[in-house]
Amino acid sequence: SQQGEEDPQALSIQEGENATMNCSYKTSINNLQWYRQNSGRGLVHLILIRSNEREKHSGRLRVTLDTSKKSSSLLITASRAADTASYFCATDKAAGNKLTFGGGTRVLVKP
Amino acid sequence: NAGVTQTPKFRVLKTGQSMTLLCAQDMNHEYMYWYRQDPGMGLRLIHYSVGEGTTAKGEVPDGYNVSRLKKQNFLLGLESAAPSQTSVYFCASTGTSGIYNEQFFGPGTRLTVL
């Protein structure tokens, strides 16, 4: 079973627009991470937010975490064609630094 | 640093054949993981290792075996491949320098079982 579920499953926007995707999870967590996957490639870590944090920024990325609602959001501002990728949330809640991934949001940024 | 590397990149097997996927990392990481990714889905954990000589089952371990004889290598074996094991396999590693660690992923192995 997958701990995280992303919404929407797919997103198409114009270059320069903002992209927002959401992740919901079921049980308590230590931290939540977001990864990007370009087509045919491995995953690349984007940002990590701890369970005691509510918001975090990294460049054009903004992540929020609401532990009471068991949800997180990833905002990509001023999107670029190079942001076209699948984005996955992953929760870390157990020993062994094991991550449980959601199904991902496919983002298409049109030039 | 090469990071996390996987061998081979592609493989086609017939049902019942066996094979071993090799993952290597040069970051001196303690933890290593094997995932599978099916079309349009996220990653599911097959097996993982918290150190040399140790392995543990993940979410979907059936049909797979692993070994971690050296800290830098993590092998994934399929003893008798089945079409349901057609997937893309990713290896990842992470260190223990902090409590909260990102995982570093290899480029993946695309396996087709006919």
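The values are calculated or read from the model by the stated rules, or taken from the named source; none is laboratory data. Every value quoted in this text rests on a predicted model; they were computed, and no experiment measured them. Heads up, the Cβs are rebuilt from the backbone with ideal geometry, glycines too, and the neighbour counts pull from every protein chain shown. With ligands, DNA and RNA removed, areas are computed over all heavy atoms of the protein, side chains included. Shrake-Rupley method; radii C 1.70, N 1.55, O 1.52, S 1.80 Å.
Any idea which of A:GLY16, A:GLY104 is within 11 Å of chain B (Cβ to nearest Cβ) and either of a type in the set (Gly, Ala, Ser) or open to solvent by less than 20 Å² (accessible area, probe 1.4 Å) (or both)?
A:GLY104
Residue by residue, here is whether (1) of a type outside the set (Lys, Arg); (2) more than 10 Å from every other protein chain (Cβ to nearest Cβ); (3) under 13 Å from the mean Cα position of the chain (by Cα) holds:
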position: B:PHE10; (1), (2), (3): yes, yes, no
position: B:LEU13; (1), (2), (3): yes, yes, no
position: B:GLN25; (1), (2), (3): yes, yes, yes
position: B:TYR35; (1), (2), (3): yes, no, yes
position: B:GLY42; (1), (2), (3): yes, no, no
position: B:TYR48; (1), (2), (3): yes, no, yes
position: B:LYS57; (1), (2), (3): no, yes, yes
position: B:VAL60; (1), (2), (3): yes, yes, yes
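Evaluate the following for A:GLY59: is it of a type in the set (Gly, Ala, Ser), under 22 Å from B:ARG36 (Cα atoms) and either open to solvent by less than 20 Å² (accessible area, probe 1.4 Å) or out of contact with any helix residue (DSSP H, G or I) (no Cβ under 9 Å at 6 or more places or on another chain) (or both)?
For A:GLY59, the condition - of a type in the set (Gly, Ala, Ser), under 22 Å from B:ARG36 (Cα atoms) and either open to solvent by less than 20 Å² (accessible area, probe 1.4 Å) or out of contact with any helix residue (DSSP H, G or I) (no Cβ under 9 Å at 6 or more places or on another chain) (or both) - is not met.
Going residue by residue through segment A:29-42, is there one that turns out to be within 14 Å of chain B (Cβ to nearest Cβ), surrounded by fewer than 19 Cβ atoms within 10 Å (Cβ to Cβ) and without any contact (Cβ under 8 Å) to a residue 24 or more places away in the chain?
yes
I need the full set of residues from segment A:85-101 which are open to solvent by 50 Å² or more (accessible area, probe 1.4 Å) and either without any contact (Cβ under 8 Å) to a residue 40 or more places away in the chain or in contact with a His (Cβ under 6 Å, 6 or more places away or on another chain) (or both), in order please. Spell out how you get there, then give the answer.
So in segment A:85-101, the residues open to solvent by 50 Å² or more (accessible area, probe 1.4 Å) come out as A:93, A:95, A:98.
Answer for segment A:85-101, where residues must be open to solvent by 50 Å² or more (accessible area, probe 1.4 Å) and either without any contact (Cβ under 8 Å) to a residue 40 or more places away in the chain or in contact with a His (Cβ under 6 Å, 6 or more places away or on another chain) (or both): A:ALA95, A:LYS98.
Only residues that are among the polar types (S, T, N, Q) and open to solvent by 70 Å² or more (accessible area, probe 1.4 Å): list them for segment B:3-54, please. Full working, then the answer.
Going through segment B:3-54, the residues among the polar types (S, T, N, Q) turn out to be B:5-7, B:15, B:17-18, B:20, B:25, B:28, B:37, B:49, B:54.
Listed by number, the residues that qualify are B:THR7, B:THR15, B:GLN17, B:SER18, B:THR20, B:ASN28.
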